[in-house]
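**Q** Mind having a look at this structure? Questions to follow.
Derivation of every value follows stated rules applied to the coordinates shown; laboratory data play no part. Here the structure is a predicted model, which is why all the values come from computation and not from measurement. We place every Cβ from the backbone using ideal geometry, glycine too, and count neighbours over all the protein chains shown.
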Amino acid sequence: MQENNHIIELKYLTKYYKGSNVPAIDNISLNIDKGEIYGLLGPNGAGKTTTISILCGLFGPTSGNVFIDGMEYQHSREKIKNIIGVVPQEIALYPLLTARENLTFFGHMYGLKGKELKSRINECLELFGLEKNANRRIKTFSGGMKRRINLIAGILHKPKIIYLDEPTVGVDVQSRTVILDHLRTINKEGTTIIYTSHYMEEAENFCSKVAIIDKGEILTVGRPKELVNSKPEYTDLESIFLHITGRALRDE
Amino acid sequence: MIRLLSSIYKEFLVLIRDRAGLIILFLMPLVLIIIMTLIQDATFRTVNEVDISMVLVNNDKDSLGEAISEGLYASDYFDIVEEIDGEKITEEKARELVARGKYKIGVIIPERATDAIRGNVDALINKSFKSFNVPGLKKRTKKSTINVTIYIDPATSVSFKNMVMSSLKEFTSQLEIEMFFKNFSEAMAQLMPGQNPIEFESFETIKYEQVYASTKEDNIVPNSVQHNVPAWTMFAMFFIVLPLAGNIIKEREDGSAFRLKTMPGSFITVMFSKIFIFLGVAFIQLILMLAVGVYIMPLLGLPQLEIGPHKIALGIMALSSGLAATGYGVTLGTIATSHEQAATFGSVSIIIFAALGGIWVPTYVMPANIRIISQFSPLHWGLNGFYDIFLRGGDISVILAESAKLLLFFVIMLIIAVVYNNYTKTK
């Protein structure tokens, strides 16, 4: 019965980039249940971005299988794209367009239109405290405001799964709190969240489950509190992370 | 459909809100076309050998002076001046004007030049008829030489100098023959009284027929406007490759392309919206540049652009050229990994295409081997198509071949972009 609850299944996933004999991810198998806030944690070059890219359908694995809500990209690419929402680390918005114009465009790309789209945009803008700035161009926004619009663009169509790549990087505490609070709300409504971050404290508090990845392999998986409790000599997730991945500096 | 329309609208907003970009796209080509046409106008006039400026000083006031003057005026090649501010130009003044480059050539017919010819003809007749003792024959025997001086601007082409010299020699010979025939006829009348005098009748025994070996460009020599307007319009159209490629690269760098790739809809939808908008840019560029050729160029003393009667053919050429340019931009933007790479490769490749395509130097003055290579430049196809319409009055059937080549280029570019995009998915 547990297996029926998996919204994402990675089976023996390996990825070699062309020209490289070192795998970016090496024989990874992972199940993510519906409704989880799942943290993919790892140092630079660990394989997080490669995993997320494969999960988003940006490119395929060298070997292994990916099932998203029971579907595979080879057979159901468009269906999968309709149930996922992606929030890239970059501010993937058009600076010369207003917040509303950006969201209208991305909404249209998800097939939303008319009153449904308009009301969804208003709802999201209000939720993230941006309704008064709807008609301002993105280039005039602060970093935190841009992050919030960046997030809204990925959740407008109420996806079943949201991929968040460092959603709070470079924002102030207020914006971070707003973003994480609303993500929790969305999660409670049934959306599964896949999240990457370098902020271990944030991950510990935000994620229901985490996988620590390094050198293309999954080193450990578990609920943050369980991981911390399992090693009494460490007080938090960050110290466990450092223990598992080492203190050596990493290059991309 | 909503995805395509929304994508087109987004591209439109991005374009119109980038004011600096708009100036580069629309104003710069207009400035370029005007400057290039003004610079090249003199060269084209020389190549075309039309309206060559000439100072004529006719001090003879007799048959030779009249014959040369009439002959030169009757020719279409010369823009002749004999007076300045109501005053007859002197030989000294003529020399000074040519030396200063104000006129390309000065022709000075000396005083009593006709008398000299007349004397030489009389001497010849006298020599021919001296054994017949013809009464009334002028007893001249001494031949004399007169100098018609020609001052030449050193910048004048050799072919033009030769043409002037041969024209003057022809006028002089014609007059000598006429005088000889007239005096000969009078002498014969003296020798054989009662006979009707022989009338001199000029008759061209051998006619020279000029037939162009090719029906293509060899027989077409455009003026500066006819060349520069379509040439630089093609150049400007292809330069939209840079902002278009930049637009694609920027989306990739700021993560928008990543986001778009994870959304429903295909790569083709996104690219078609860009092609649509930049095709519109190319059309507006064309209209503005043609308007400059028709309305602004004449105000600057340049020839007016004749668009010709076949507007649909013009539209097809504009569409084909615009698609070729945008296709190239999409491919460049898809393959190039940075703005610097796209800008450098894009601009250099367009300049090479332009050079080979006859944008700077018309292909008809290029060496034969380069002319063969130029056949592979899309700018050459476009330029030739516009030549067909503007110079040859060509209709749709005439421009079909050029248009087809440009459309094929567009399709090939698009296929390369799609294949490369799919290839990156598997890397």
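**Q** Could you tell me how many degrees, from 0 to 90 and to the nearest 10, lie between the Cα long axis of helix B:311-335 and the main elongation axis, the longest principal axis, of the Cα atoms of chain B?
**A** 50
**Q** So if I average 1/r over every pair of distinct C-alpha atoms in segment A:176-252 and take the inverse, what Kirkwood radius in Å does that give? Write out the running numbers ahead of the final one.
**A** Numbers: mean 1/r = 0.0732 Å⁻¹.
Averaging 1/r across every pair of different Cα atoms and inverting gives 13.7 Å.
**Q** Next question, about the same structure. Roughly what angle does helix B:224-239 make with the longest principal axis of chain B, taking Cα atoms, 0 to 90 degrees, to the nearest 10?
**A** 20
**Q** A further question follows. HN-Hα J couplings of segment A:44-57 from phi, Karplus 6.51/-1.76/1.60, θ = phi - 60°, integer Hz, Gly and Pro as x?
**A** Each residue's phi maps through the Karplus curve to give 4, x, 6, x, 5, 5, 4, 4, 4, 4, 5, 5, 7, x Hz.
**Q** A follow-up question, please. Spelling out what I want: for every residue of segment A:203-216, take phi, set θ = phi - 60°, compute 6.51 cos²θ - 1.76 cosθ + 1.60 (Karplus), and round to whole Hz; glycine and proline get x.
**A** So the J values, rounded to whole Hz, are 5, 4, 7, 8, 7, 8, 8, 9, 10, 9, 10, 7, 6, x.
**Q** At residue A:131 and residue B:412, where each label point lies 7 Å from the Cα along Cα→Cβ, what is the point-to-point distance in nanometres?
**A** For residue A:131 paired with residue B:412, the spin-label model returns 5.7 nm.
**Q** What is the set of long-range amide H partners of residue A:36 at a cut-off below 5 Å, with H atoms built 1.01 Å from backbone N?
**A** For residue A:36, the qualifying residues are A:193.
**Q** Along the Cα-to-Cβ line of residue B:360, 7 Å from the Cα, sits a label point; which residues in segment B:318-347 have backbone N less than 18 Å from it?
**A** Taking a point 7 Å out along Cα→Cβ of residue B:360, the residues of segment B:318-347 whose backbone N falls under 18 Å are B:344-347.
**Q** Ok, one more. For the protein assembly as shown, what is the mean residue ellipticity at 222 nm derived from helices alone (per DSSP H run of n ≥ 4: -39500 (n - 2.57); sum divided by total residues; nearest 500 deg cm²/dmol)?
**A** When only DSSP H runs of four or more count, the value is -17500 deg cm²/dmol.
**Q** I'd like to compare B:402-412, A:175-185: which one has the highest average count of other Cβ atoms within 10 Å, and what's the full order after that?
**A** Output ranking for B:402-412, A:175-185: B:402-412, A:175-185.
**Q** Once both labels are modelled 7 Å past Cα along the beta-carbon direction, what's the residue B:337-residue A:172 spacing in nm?
**A** My value for the distance between the label points is 3.9 nm.
**Q** Next up: As I understand it, the dipole of chain B uses +1 on the Cβ of Lys and Arg and -1 on the Cβ of Asp and Glu, about the Cα centre. Which of B:276, B:73, B:230 lies farthest toward its positive end?
**A** B:276
**Q** Going down the table (A:81/A:231; B:93/B:207; A:18/A:158; A:146/A:225; A:34/B:250; A:48/A:81), which pairs top 28 Å between alpha carbons?
**A** Too far apart for the 28 Å limit: A:81/A:231; B:93/B:207; A:18/A:158; A:146/A:225; A:34/B:250.
**Q** Still on this structure, please answer the following. For residue B:87 and residue B:144, what does the FRET efficiency come to when R0 = 25 Å and r is the distance between their Cβ atoms, rounded to the nearest 0.05?
**A** 0.20
**Q** Further question: Given the Cα atoms of the protein assembly as shown, and with Rh set as the inverse mean 1/r over their pairs in the Kirkwood sense, what is Rg to Rh to two decimals?
**A** For the protein assembly as shown, the value is 1.28.
**Q** While we're here: List the residues, sorted by chain then number, that are 5 or more residues from residue B:52 or on another chain and whose placed amide H is less than 5 Å from its amide H.
**A** Amide H neighbours of residue B:52, under 5 Å, 5+ apart: B:78, B:79.
**Q** Below 8 Å, C-alpha to C-alpha, sequence gap of six or more: please give me the relative contact order for chain B in percent.
**A** Numbers: 540 pairs, mean separation 73.8, N = 427.
Over chain B, the number comes to 17 percent.
**Q** Expressed as an acute angle from 0 to 90° and rounded to the nearest 10, what is the orientation of the C-alpha long axis of helix A:173-188 relative to the principal long axis of chain A?
**A** With both axes taken from Cα atoms, the answer is about 80 degrees.
**Q** For a quick check: with amide H placed at 1.01 Å from N, whose amide H comes under 5 Å from residue B:149's, ignoring anything fewer than 5 positions away on the same chain?
**A** B:108
**Q** What does the average come to when, for each residue of peptide B:250-261, you count the partner chain Cβ atoms lying within 10 Å of its Cβ?
**A** Mean partner-chain Cβ count within 10 Å for B:250-261: 6.
**Q** Tell me, what ³J(HN,Hα) does each residue in segment A:9-14 have, in order and in whole Hz, if you take phi through Karplus 6.51 cos²θ - 1.76 cosθ + 1.60 with θ = phi - 60° and put x for Gly and Pro?
**A** Going residue by residue, I get 10, 10, 10, 6, 7, 10 Hz, with x marking Gly and Pro.
**Q** Is there a simple number for the mean count of other chain Cβ atoms within 10 Å of the Cβ of residues in A:9-19, and what is it? List each step's numbers first, then the result.
**A** Values: counts 0, 0, 0, 0, 0, 0, 0, 1, 1, 4, 1.
Taking the mean over all residues of the peptide, I get 1.
**Q** Can you work out the FRET efficiency for the pair residue A:217 and residue B:300, with r the C-beta to C-beta distance and R0 = 60 Å, to the nearest 0.05?
**A** The value I calculate is 0.25.
**Q** To continue, here is another question. Ratio to report: Rg/Rh of chain B, with Cα atoms as the point set and Rh obtained by the Kirkwood method; give two decimals.
**A** On the Cα set of chain B, Rg over Rh gives 1.22.
**Q** While we're looking at this one, here's another question. Relative to 2.2 N^0.38 Å, what does the C-alpha radius of gyration of chain A come to as a ratio? Two decimals please.
**A** On the way: Rg = 18.4 Å, N = 252, 2.2 N^0.38 = 18.0 Å.
For chain A, the normalised Cα radius of gyration is 1.02.
**Q** What average count of beta carbons from other chains do you get within 10 Å of the Cβ of residues in B:302-313?
**A** 0
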